[in-house]
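Data block below; observations after.
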Amino acid sequence: MISREVCARVLSKAVSTGADYAEIFVERTVNHAINMISDKVDSINDSVVAGAGIRVFKGLRSVSASTVDTSVEGLLRCAEKAADALGQGTAQISVELRERLFGDIHPVKVVPASVPNSEKVRVLKDGYFAAREHSDCIKQVRGTLLDVDHNILIASTDGIYASDRQIRTRISISAVAEKNGETQTGFFGPGRRMGMEMFEHEVDAKQVGIIAAEQAEVMAGAGYCPAGVMPVAIGNGFGGVIFHEACGHSLEASSVAYGLSQFTGKLGQQIANPKVTALDDGTIPNAWGSINIDDEGTPARRNVLIENGILKTYMVDKFNGRRMGMEPTGSARRQSYAYTTTSRMTNTFIAEGPDSNDDIISSMEYGLFAKAMGGGSVNPATGEFNFAVNEGYLVRNGKICEPVRGASLVGKGSEVIMNIDMVGKKLDLGTGMCGASSGSIPTTVGEPLIRVSSITVGGR
């Protein structure tokens, strides 16, 4: 997108007032979305995001600037503004860039841009009408087929000149069911770092619609969940959002470096039940949150965050790594050139454990089975969180019983992770978008079936 020679000129300008590090992040992203509602295609939207972000460091000071003008003159002006904002001084470093080829561990067979809209609409209709026709109680369905072609180039005074092309595809179906005047919504939205070949073997569009409709139908006929403190079994796949929110954000250097994390200063200490091993792995082939390089040009890594309950590492970007005295872990991410990069998750999950799924359920005399989790929020400094349960069932005498709605899980990350006392089999991953200071980015969450021995359940 921008030649190595031009990047070197821009970086030289950026360090001209004494910065000890500079980087340029260049982006061109094409987003394409097809939306269905009321049994027809409602809209087909295309958008392009293009520009460059320039960042300079001097010790523990950082300045960022961005521009949509990626001409040589535009980039030089942006670099000059960043350099001037940093202060007055003279250049202390020289710039020498060498192209790096890190390879692509996420091959794409069918680039979505090469597929006609008619074929994409056919796939979306398969999912939409599978939900629409699932039951007479389904009153409304929404469907979206999204594909993103995200091209980035990173050059820095570390000598890096590298690029990555990230193609992602996602289908999402939302269904509304009505029973006895009560309505409930079901949702399923799997995605991959793949092209349209995703629908050949990985994702069945019809099954996506059926899962969303079944969830809506079950919840529409459910009574309200009782409130109280009880054991909770959390289903695999997107159930991993509880670790992502309750603990994952607190393991990002953006919180840890400033002492704003419940886990600051606890490397090498036991922070979780010994059955818990948790990872953030950007190298999983074709997973939704996977990368080849992060947004600072660091290769993706498989980071073991917690091993048998012991905190092993954090997710670290270059700037916060300076504060912490730690090397970057391939965890620097941003929504676009207009955001400042910071440490973020990629594919974060709890690994499979020693317990059988049947034993987890049968161990519960009375509790909740949270089959499907919804969104949540957390305060990384305190670890206090709350999550919605999209599909839940009461458990009595070791048996899954009637469905209940309106459930939520409330607690503190450092406590709930110690209370995960059973970890099952069959790890699965779920697709999501994570919002934080560097914008909204694609992330994967995951886990096998787990049991939290005691947690506060909100309900009635």
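Where a number appears in this text, it was derived from the coordinates with a stated rule and is not lab data. Here the structure is a predicted model, which means the values were calculated and not measured. Because the Cβ atoms are built from the backbone with ideal geometry, glycine has one as well, and the counts that use them run over all protein chains shown.
Quick rundown of the values:
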{"item": "Additional length obtainable on full extension of the chain from residue 359 to residue 5, 0.36 nm per residue less Cα span", "result": "121.3 nm"}
{"item": "Of all DSSP beta bridges in the chain, antiparallel share, percent nearest 5", "result": "90 percent"}
{"item": "Proximal charge balance of residue 170 [Cβ under 11 Å; K/R count +1, D/E count -1]", "result": "+2"}
{"item": "Cα-based convex hull volume of segment 408-452 per residue, rounded to whole Å³", "result": "104 Å³"}
{"item": "Reachable aspartates and glutamates from residue 139, criterion Cα separation under 14 angstrom, eight or more residues apart if same chain", "result": "39, 178, 182, 214, 217"}
{"item": "Residue order, fewest to most surrounding Cβ atoms within 10 angstrom, among 244, 32, 106", "result": "32, 106, 244"}
{"item": "Between helix 117-132 and the chain: long-axis angle, C-alpha atoms, 0 to 90°, nearest 10", "result": "30 degrees"}
{"item": "Within-11-Å neighbourhood charge of residue 48 [Cβ basis; K, R +1; D, E -1]", "result": "-2"}
{"item": "Spacing of the two label points (7 Å from each Cα toward its C-beta) at residue 92 and residue 352, in nm", "result": "5.1 nm"}
{"item": "Alpha-carbon spread of segment 311-460, three principal axes, descending order, Å", "result": "52, 31, 26"}
{"item": "Model label zone, residue 402; criterion: amide N under 18 Å from point 7 Å along Cα-to-beta-carbon; scope segment 339-377", "result": "366-371"}
{"item": "Segment 1-126: relative contact order in percent, alpha carbon pairs under 8 Å with at least 6 residues between", "result": "28 percent"}
{"item": "Proximal aspartates and glutamates to residue 58, defined as alpha-carbon separation beneath 20 angstrom and excluding residues fewer than eight positions away on the same chain", "result": "20, 23, 80, 84, 96, 158, 295, 296, 317, 327"}
{"item": "222 nm mean residue ellipticity, helices alone, for the chain (DSSP H n ≥ 4; -39,500 (n - 2.57); rounded to 500)", "result": "-5000 deg cm²/dmol"}
{"item": "Inter-label distance for residue 39 and residue 410, nm, one decimal - labels placed 7 Å from Cα along Cα-to-Cβ", "result": "4.4 nm"}
{"item": "Contour minus Cα-Cα distance for residue 460 and residue 71 (0.36 nm per residue)", "result": "134.1 nm"}
{"item": "Out-of-range pairs (alpha-carbon distance over 32 Å; input 206/412; 13/318; 120/371; 206/371; 120/312)", "result": "206/412; 120/312"}
{"item": "Distance between segment 137-216 and segment 442-460 - C-alpha centres, whole angstrom", "result": "22 Å"}
{"item": "Computed over the chain, Kirkwood Rh from alpha-carbon pairs, angstrom", "result": "23.3 Å"}
{"item": "Additional length obtainable on full extension of the chain from residue 327 to residue 428, 0.36 nm per residue less Cα span", "result": "33.4 nm"}
{"item": "Percentage relative contact order, the chain, counting C-alpha pairs under 8 Å, at least six apart", "result": "16 percent"}
{"item": "Inter-part distance where segment 383-418 and segment 254-294 are each reduced to a Cα centre, Å", "result": "23 Å"}
{"item": "Degrees separating the helix 4-14 axis from the principal Cα axis of the chain, which is the longest one", "result": "80 degrees"}
